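Below: the structure, in structure tokens.
The values are calculated or read from the model by the stated rules, or taken from the named source; none is laboratory data. Note that this is a predicted model, so its numbers are computed, not measured. Every residue, glycine as well, gets a Cβ built from its backbone with ideal geometry; the counts of neighbours run over all protein chains shown.
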Amino acid sequence: MKNIIWTKPNCSYCTRAKNMLDEEGVRYEIRLVDEVTWTNSDMLKMAPNELTYPQVFLGDRHVGGCDDLEAYLTLREMGIEV
């Protein structure tokens, strides 16, 4: 599975998460939930209990939202595998 970030328009947390991934050099697919191309239901199929955006998937791992991504990257930087 590839890296995916589910986002919504005008979402500051989504922008922040994308910036963190960019800074780490992580390539990812953006799935913008605009109810035309991608819907909230599409995102819920991958993350059934999540109601907030963004939702970040790195390979097969569901990292979670923006704060979860920040914690994950910090731990990884410290050499702690989560």
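Some points to look at:
- Unmet requirement for R16, which otherwise passes all of (1) modelled with pLDDT under 95; (2) in contact with a helix residue (DSSP H, G or I) (Cβ under 9 Å, 6 or more places away or on another chain): (1)
- Residues in the stretch 53-71 that are in contact (Cβ under 8 Å) with a residue 24 or more places away in the chain and either assigned to a strand (DSSP E or B) or among the hydrophobic types (A, V, I, L, M, F, W, C) (or both): Q55, V56, F57, L58, C66, L69.
- Under the condition of being farther than 21 Å from S12 by Cα and of a type in the set (A, V, I, L, M, F, W, C), the residues counted in the stretch 37-50 number 1.
- Within the stretch 27-52, the set of residues being in a loop (DSSP other than H, G, I, E, B) and among the hydroxyl-bearing types (S, T, Y) comprises Y28, T37, T39, T52.
- The set of residues in the stretch 1-19 being surrounded by 17 or more Cβ atoms within 10 Å (Cβ to Cβ) and closer than 20 Å to G59 by Cβ consists of I4, I5, W6, T7, C14, A17, K18.
- Checked against the criterion of being exposed (fewer than 13 other Cβ atoms within 10 Å of the Cβ) and among the basic types (K, R), the candidates R76, R31, R61 yield just one match: R61.
- Some residue of the stretch 6-26 being of a type outside the set (A, V, I, L, M), at positive phi and part of a strand (DSSP E or B): no
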